[in-house]
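S.K.: Would you mind keeping the following structure in view while I ask a few things?
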Amino acid sequence: MTDNNQLTCNTEDAGDNLIPTPKKAVKKTCVRCKEKPSIILFRTDPMCWDCYHEMIIKKFKLNVTRFRDNKKDVERLMLAVSGGVSSRVMMDLVSHFIGGNGSKGTKAKLFFKVCVVHINISCLDQVSGRATEQDHLDHAQRQANLVRSLEEAAQQYEFPFYNIPLENIYGCDESNKKERQQMLIDSFTQFTSSTSKEDILEHFRNQLLFETAHSLGFNKILFGTSSNRLATRLLSSTSKGRGYNVPNETNMVDQHKDIRFIQPMRDFLLKEIHIYHRKMSFIDYTNHNVLLFNNNSKGSINALCEKFINHLQDISNQTIHTLLRSVDKLVSPIDENSVSCSICCANLSEQEIKQLEQYSLALKSSSSSSTTTSTSSCKSSCNNCSASSSCCSTNNNNNNNNNNNSIQLTNNIHKPTLCYSCNQLLRDVKQPPVLTVVPSDSTTTPTPPTLPIYVQKNSTVLLKSYQLRNEIKDFLLDDDE
Ligand SMILES: [Zn+2]
Ligand SMILES: [Zn+2]
């Protein structure tokens, strides 16, 4: 930490008790307006609040608008907010640049349609390993406050607010909410390490956001991920065998089928965001002192990487920017032929695609009667398969129960349709996962846990498309023919 820092803080302090280091330097004036006293050292420049505020809005706006396809079209942005400091600040920034609160720039407002979505993970409290009843009550209270404060904030900015419970990953039928919650709790308890629980939570959350964006008609999702978080992700993803997808995951934009995941806060350090948050007197309801899945003292790979990055950043404040600049130089594996993993949507590597091709060929020649016919008959009998979630899955489930191919991971999920790290993830369970569906009548007891329907659907569709590709490949012409 340099001696002339004016208002800065140790990254470790991120949370409720943000303690600024004592002012050691002589008060400087802002480098921009050269009038007002500075309140923050932004990179190396001392700045006053007004100049800092203006600059951060400008940077943010640039990051959001650079992905606009057509300036005449209405831009539809869905803000994914966890309620943490970064996403709370993101809401404020969006409202400022499109001119909310009746302030200037109301014309811009006509070109932006914004909504706020919060994925509510409160039902996972039972998996968290909290010790006492009081802890659970405190947590429930905090969670309720968090949702209320987000809703109020969204109202204030005039953005519609959606609070989506995580159990909706198993469908959104209100009549079986309790079963879905139990299913979620069961499947999380099945994972043995905190790392796997955190990862599967992230995949489920992203999928739910993806589905919500689809159903609400939004094609861009904004995340309030700070540069600290992205640098941590760079390190943790690499150590979990997701290196191939790191450029996509840490980039400003990541394409998930037809929806773009955008990280417009990528340039901002957590401490810069914290200063904004504090200056605006926002309240942070998230609890930083309690790990979500605190089942052992070692914590998760993600938590260890975060600690490591923050430690390095405290030693040298260029660490995070250097890491992210380096990852910019890697080529993103996005192309037209990309194939995505059925659980996490990461692109499969060339090696994995080859394996998938071989698998689909082997499956075709060995058991053309069983799996293929069951899926194709299901497809033909039910045209709505891809649109609604659970229509033919029961059917599939039953058909495939008797068909235990050795490479096949479970009844319905084909191992080669998953990326390396998701395959690892599914190994870290107490029992091999079995896919079940939400029972249509609540009298039947749910079968053991439980990957959501979307995984099985992706897996089947992907395999099917490869089988189809194999069938027609002899009839395809090369581009130059
Ligand atoms: Zn200034
Ligand atoms: Zn995956």
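S.K.: Rounded to the nearest 0.05, what FRET efficiency do Thr44 and Asp314 have when you use their Cβ-Cβ distance and R0 = 25 Å?
M.R.: Efficiency computed from Cβ-Cβ geometry: 0.90.
S.K.: Related question: For Glu133 and Arg66 in the same chain, what is the full-extension length gain: residue separation times 0.36 nm, less their Cα-Cα distance, in nm?
M.R.: 19.3 nm
S.K.: Which number comes out as Rg/Rh for the range 68-328 once both Rg and the Kirkwood Rh are worked out on C-alpha atoms?
M.R.: With Rg and the Kirkwood Rh in hand, the quotient comes to 0.95.
S.K.: If neighbour count is taken as other Cβ atoms inside 10 Å, put Tyr276, Tyr170 in order from fewest to most.
M.R.: Final ranking by Cβ density, sparse to dense: Tyr276, Tyr170.
S.K.: Looking at the range 73-197, send over the antiparallel percent of its DSSP beta bridges, to the nearest 5.
M.R.: Given both bridge residues lie in the range 73-197, the antiparallel proportion sits at roughly 0 percent.
S.K.: Using a basic spin-label model with each label point 7 Å from the Cα along Cα→Cβ, how many nm lie between Ala108 and Leu361?
M.R.: In this crude label model, Ala108 to Leu361 measures out at 5.5 nm.
S.K.: For the range 226-261 and the range 117-157, compute the distance between their C-alpha centroids and round to whole Å.
M.R.: 27
S.K.: What is the order of Thr417, Thr238, fewest Cβ neighbours within 10 Å to most?
M.R.: Lowest to highest Cβ neighbour count: Thr238, Thr417.
Every number in this text was worked out from the coordinates using simple rules, so none of it is lab data. Only a predicted model underlies this, so the values are computations on that prediction, with no experimental measurement involved. For neighbour counting, all protein chains shown are included, and Cβ atoms are generated from backbone atoms with ideal geometry for every residue, glycine included.
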